[in-house]
Structures are given as C-alpha cells and as structure tokens.
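Inspection log for the structure reproduced underneath, given as structure tokens.
The values are calculated or read from the model by the stated rules, or taken from the named source; none is laboratory data. These figures come from a predicted structure and were not determined experimentally. For neighbour counting, all protein chains shown are included, and Cβ atoms are generated from backbone atoms with ideal geometry for every residue, glycine included.
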C-alpha cells in the first residue's frame, strides 16, 4: 500500500509557512501500515495540481491533498478535482446548513463566499468538517483513492482522524509498519555509530536502522515495513534493551521523549516539587514544564528575574555578591536557586543566569555564557556552559542543559552519598 | 528562473520530523527572484532520488537537495550524485583537514565514518561547510545547476547564505520577486474578503493577492513576479496604505510581526517597563518577550504562580479572595496584575489565571476559561476569554490575547481619559 501526499499553496513554495500538515498526515498513514512513497508541494495553480495528481495516481493507491480550500480560494482545487473526475459542482445542503450555523455562532455574516463553500463535486463523498467551513472530499477511481482536505492544521487533523483513517482501514486490507525510536544524548553521531557498530551488524535483516542527528541529541530509529506488528515490536524492544547495556549513560528516552518529559515523570513518580528562577532563559524553563499536562502536581512557582532588583527582592540574592561577582556568576546562580527553593518550599529549584545576546557580552563573559544551578535536598550544584551564539539557540540549549542538570541531581538521590 | 527543492530522508516520509529546510531554502530563492515551482520529499533510496532529480532537472534551472548526507548515511546521496553525473568519489584534502580539526576541538575521535565524509564526487565544486562535517556540493550540466546540502538546518542555512546564493547570483541574471504581507486580526476570512472586495478588485493586474488564514489572524500577501523590484515595492506599500484606511482597527502589522513584537516596539519607543504574573500560561508570556533581543531594556521580572501560596507570597493576592472567588476569577487576576506591578516597580503588569486542562475544568469554569488583566498607570482592566480546548492551544492563544490586551492599554494612553 503506497500513498502520496500533495500539499497545495503558494505560501508553501515561497517559504512563508512551514508545512506541518504533511508530517501529521504521514504519521497517520504510517501508523495504519500505509507507506508514504513521496510528498510533493505545488502552488495554487490548476496545471500544477493536475500534473501532480496524475503522477500520484499512477504510482500510489492513496493520494491525500491538503490546502487550496477555504472561502477565498477554494475554486481552483475544487474545480480542478471536479474536472479531473468528470463531474459538476453541486450544492450540498448539509454543508450549507453547517457553514451557516458555524458562522452565526461566531457572529459572522453568511455571504456569497461562504455560500460557495457548500458547492462540492457531485462525484465525491463529502467528509463532514465539524471544525471548519471547508468540507473534505473523498474520490475513487480504478481502485485508487484521492482525498482532498482543508489546509488549516486543526481541521485537517480532525478529518484525518475521524473520517479518512476509518474509511481507509475499511476500504483496504492493511499490513503494519512499525517504527520505534530511542533517543541518545551526549555522543556525536560518528562516535555513537562506532560504539554500536557490532549491535547494528547483528540486527535482523528486516529491521532498518536510521540515525537522526540534531544539535543536542541523536535519535536511533528501527523500522520494519509490512510485517506482523506485535512480534516485530517485541523484537525491537529486545534490541533496544541490548543497546541499553552498551551505552547506558547516553540514553535519554524513547519516541518523543524530551529532557523535560523525563524530569516530569521523575518528579511525578517521586512526589517531588519544583520551582524555577530564570534570568537569561526568561521563562522558557517554566514554560517547558507547564506545557505538559499534569505539571501542576509538582510545579510550584517560577520567577523570571531580569533585573538586579528582582534577583534581590524576589530571590534574596545579596546585592554585595552581585556587585562583587557580577550577575553572571557562580555565587549569584547558587543564591538564585537556593533563594527560590526556600521561597517556594520546593524540593528542587533550578536557576539560570547568562548572556543571551546579541548585546551584553564581554571578553570574560562572552555571549552564550550561562551559569546554571540546581538546589535540592542534597545541596546545590552549579556549572557554567557555553550554550551557543544565537539568542534563540542559547535560550533553548541552556534550558535543556539546566533541566538535564536537574535530572542528574534527582537521579543522584539513588546513589549513596559517599560515592 | 525556476527551481525545485528536493528534501531527502525517510524521517520526512514517516512524519517523524517536520521539514523546515525547504521553507527556508524557498525564502532564500524567492528573495533573489527565483521562483520555486515545486517541492518534493523522497526517502533515502537511490531510485527515488534519481527519479526526482531527473524530473527536477527537466523542468527547473536550479535544483536544491538537502539531507541524505552525514557520517552514517551519506553514501546513498553522494554515490547517487556521482553516478548520475558520471564521475568517481575522490578524497578532498581541505574537507578532510576540516573534519579532523572540528572533531578534535569537540574531543571526538576521527574514525572511518568521518574519513568517508571527505570523499566527494570529482565533478562537483565543494561548498565548504564551516559549521559541520558534511560538505555541500555544486554540480552543473547543460546550463542547469544541482546543489546538494546537508540536512542539519543550521549547517544548511549557513551554506545557502554564504555559498549557494552568492554563486547563483553570479551565475544567472536574476529578476526580482516581491512579496509583502500585511497581518490582520479580528476579522474572519470571509468577512475580511467582503470588506476589502472593492480594494481587491482595483488592484493592478500584476499584483497577486493571497489570503493566509490561521486561528487568530488572516495574513494578506501581495506578490509580483519577475519585476523591477523597487517600483513594485512602492506600489504595494501604497496599496497597503489604502487598506489601512478601510480596516484600520484590524491591522496588526507587517511581514513577520507578532503581537509581542508590536508591544516590544511600543515599550521600547516609549521607555516603559513590563512585568508578568502568569498562572495558566506558565511562563509563556515572559518567554515570548525575553526571546526578543533588546527585551532587557523594558522587561523587569515575571512570576509563574502555579500554587495558591505563590499567588499570595509573591504577588500579594489575598487568601480570602482566593477562597471566596476561586483562583480563576476577576478579583484574583486583578490582584495578581496589581501585586506584580507594585513589586516590580513596572509601568505595566500583565496577568493570567485559567484552566489549561486537560484536567481541572468544572461546569462553571470549563477547560479553556482564562481570566487576564493588565495593570497600568491608568488603572487595571480584566477580561475573561474562552481560549480553546487543547492545553497547548489554550496557553498559546491566552498568551496572545493577554498581550493584545496589553497593547490596547498602552495605546489607550494616546486617547483622552474622558473619551
């Protein structure tokens, strides 16, 4: 079972938006055992849509299109599909009623543009879009399926899940695709590959290994195509277990694990509480934790102390220390963490102070220098890191590094003090 | 001048990563007047790469490939290119020296995998990758250019900017493409289209209008292809000025403006200071401001008060009020903003308290309910909003809504008090 994904929109070709829809559609298809052979993006242009669609239908059993629908621009895609499948545009009463009701509830007048949204090709099955005004459309010809979905990610996502996937599963006899990912951190790609070369060479031939490097981690993905899913999933887990014994200290987690999700789980399981005191990371650490459902069970509070006064008034950092050592220094970051932990009555407090740039760097303390500390039941640790050269990168990396320090401190609880 | 972008990697086809590279490459090409006709993604597979590349070279003057390089997987792409262009892989001494030096500085051993990275097709021009170990490659045949770049976004970006664009500009006589975007907020797409229909109909024929809707705004883009840039840019500005007179209250800004960048500019220009007191947004508002260079000029401090104690201890909210009205209430959000403004000695303080979910909703106060307040020199305003149904969406929307309230309050300074 092969699929092609076609995303439509000039905004994609000029780089004005990043296409997230195709990744999300690909995940849905893969999870159901449908291999995505190709993804393509074309502009709001009849000929380009027709050419892409013809080629897709030649090679793929299923083609999913998104975009090119909506009150101001749905003509091209809808008319092109009607023409390609040889039928007229007709008014769909259910869609018309739904559009009218949706707009009314939001206080929006129903006008000719919205009226046009209830026109659909007569030869398609309408996929009801409960969350928007542009309906999805399902076409079939010669055993091949073509689905057109609106480009608004939220609406597309609901239609894929509620309408498209159930129909595809009912329509085709699907085999499974299994992907599992293990996340490593702390080893460069080439060193990792060297370390695990023996393990890699001994993998069963139907398991395909891929390295996915990014600045602070390398993900290892094992994939198997068109297999009996459960058995293969067990085999992959067994292989990852072997890997755990080879590089135990470099494994961060599985699938979409992040350093904050690992710490979230640790804090939750152990009934520990957390507070944050951030200067250069500016709330990014607090935001990473509080973005996760369930954070309120352990997250007590955070302070973003951009000014000297805030460091003193809210965190109790001594003005003498700030004068003597500077705001980006070990004594200050330690005092921030300890002051926050005390004020919040939390088990752990994590603190950062650094130079996020682009201005403010000095020869002794260049842009990217970040002091980070964790105060906990066993005392306080502090480290200084060089976290990059670009403001966004520095905030992001320093946040990750500070949370990793927190993880290490929580896990250190497990080892005897006199190690 | 037409271009095709091909991104290579199984991780793209299974939806494990969102492809941001192609959007960034498209922006570079567009800015130089090169029209991107198509974008395509294929897997790490020789035949798929060859087929996509052959088709791209048929239709486009320039083809940019990314991905499929790196110590553990560069074989396929590099060998495929060498084969397609009919030459051998040879060792490049400069690349070899660079890879060795880069690894040494990071304390990484130089091994066979890295040694392989210094092999390049003999018929290409090597594009030096100062930020990584996989070099870029530039091929030419029959007047058509094919460029292969590593897939790490940071490395790709530097190579596009420093190596590829200067060479393309030197190699081809390019005309300009002009895109300008105006961002509206507060009008649904169909209502906006109706309001500005007269303006749209009167646009000069060489200006192409596109609507780009997203949950909280609609962007309007005017584009002109292969034109004399400066003149068209002025014409577009004049058109946007006309639009300003038609829908003045719905215009947020231009290009990549965000609600926080608008407020950032207001605060900076007026020498005003800001503090934040966040409950349900969990630091996201502080993080949005502090992510922008120059934020330290106005951002004083922020508190993330997830617990009742933090609301009381750090912000001075009365425990009686919390008991009587609940944490998600108008009296509490007002007290948070006012307490924060006082503690921080800031001109403005913005506060949020709400139910981000998925748990914690009640019939009176369902998930998505967010109270937000702004305390300023003219007093305090508070509003309650329904900000969505998904935790991430609620945090994101409520942050934007609270910052919009702050903007309105700052701008209200300009109007007489007795309006």
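In segment B:173-197, which residue that is part of a helix (DSSP H, G or I) and touching a residue at least 40 places away in the same chain (Cβ under 8 Å) is surrounded by the fewest Cβ atoms within 10 Å (Cβ to Cβ)?
B:195
If a residue must be touching a strand residue (DSSP E or B) at 6+ places or on another chain (Cβ under 8 Å) and modelled with pLDDT of 90 or more, how many such residues does segment A:152-171 contain?
8
If you scan segment B:129-150, which residues turn out to be surrounded by fewer than 16 Cβ atoms within 10 Å (Cβ to Cβ) and either closer than 19 Å to residue A:190 by Cβ or touching a residue at least 40 places away in the same chain (Cβ under 8 Å) (or both)?
B:130, B:131, B:141, B:143, B:144
Quick test for you: out of B:220, B:212, B:168, pick the one residue that is away from chain A (no Cβ under 14 Å) and either in contact with a helix residue (DSSP H, G or I) (Cβ under 8 Å, 6 or more places away or on another chain) or buried (at least 21 other Cβ atoms within 10 Å of the Cβ) (or both).
Only one candidate passes the filter, namely B:168.
Kindly indicate the residue of segment A:106-127 that is without any contact (Cβ under 8 Å) to a residue 12 or more places away in the chain and under 12 Å from residue B:188 (Cβ atoms) and also surrounded by the most Cβ atoms within 10 Å (Cβ to Cβ) among those meeting that condition.
Among those residues, the one meeting the criterion is A:108.
Scan segment A:262-286 for residues that are more than 10 Å from every other protein chain (Cβ to nearest Cβ), surrounded by 17 or more Cβ atoms within 10 Å (Cβ to Cβ) and either within 23 Å of residue B:281 (Cβ to Cβ) or over 22 Å from the mean Cα position of the chain (by Cα) (or both) and jot them down.
Answer for segment A:262-286, where residues must be more than 10 Å from every other protein chain (Cβ to nearest Cβ), surrounded by 17 or more Cβ atoms within 10 Å (Cβ to Cβ) and either within 23 Å of residue B:281 (Cβ to Cβ) or over 22 Å from the mean Cα position of the chain (by Cα) (or both): A:263, A:264, A:267, A:272, A:277.
For every residue, the table says whether it meets (1) out of contact with any strand residue (DSSP E or B) (no Cβ under 8 Å at 6 or more places or on another chain); (2) closer than 24 Å to residue A:9 by Cα.
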residue	(1), (2)
A:58	yes, yes
A:65	no, yes
A:99	yes, yes
A:102	yes, no
A:105	yes, no
A:114	yes, yes
A:124	no, yes
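Please specify each residue of segment B:1-39 satisfying the condition of being part of a loop (DSSP other than H, G, I, E, B) and either under 21 Å from the mean Cα position of the chain (by Cα) or surrounded by fewer than 19 Cβ atoms within 10 Å (Cβ to Cβ) (or both).
B:1, B:15, B:16, B:17, B:18, B:19, B:20, B:32
Considering B:42, B:50, which residue is crowded, with 24+ Cβ neighbours inside 10 Å and in contact (Cβ under 8 Å) with a residue 12 or more places away in the chain?
Just one listed residue meets the conditions, B:42.
Can you confirm whether residue B:59 is closer than 27 Å to residue A:6 by Cα, more than 8 Å from chain A (Cβ to nearest Cβ) and in contact (Cβ under 8 Å) with a residue 60 or more places away in the chain?
Considered against the rule, which asks whether it is closer than 27 Å to residue A:6 by Cα, more than 8 Å from chain A (Cβ to nearest Cβ) and in contact (Cβ under 8 Å) with a residue 60 or more places away in the chain, residue B:59 comes out as no.
Could you check residue B:70 against (1) away from chain A (no Cβ under 12 Å); (2) touching a residue at least 12 places away in the same chain (Cβ under 8 Å) and say which number it fails?
The single condition residue B:70 does not satisfy is (1).
Looking at the structure I just gave you, is residue A:239 modelled with pLDDT of 95 or more, under 28 Å from residue A:35 (Cα atoms) and not in a strand (DSSP E or B)?
So residue A:239 passes the test.
Which condition number does residue B:315 fail, the rest of (1) over 18 Å from residue A:351 (Cα atoms); (2) within 14 Å of chain A (Cβ to nearest Cβ); (3) under 18 Å from the mean Cα position of the chain (by Cα) being met?
Answer for residue B:315: the failing condition is (3).
For segment A:257-280, give me the residue count where each residue is under 23 Å from residue A:380 (Cβ atoms) and assigned to a loop (DSSP other than H, G, I, E, B).
Qualifying residue count for the region: 5.
What tally of residues in segment B:32-50 results from selecting those that are within 10 Å of another protein chain (Cβ to nearest Cβ) and in contact with a strand residue (DSSP E or B) (Cβ under 8 Å, 6 or more places away or on another chain)?
Number satisfying all stated conditions: 11.
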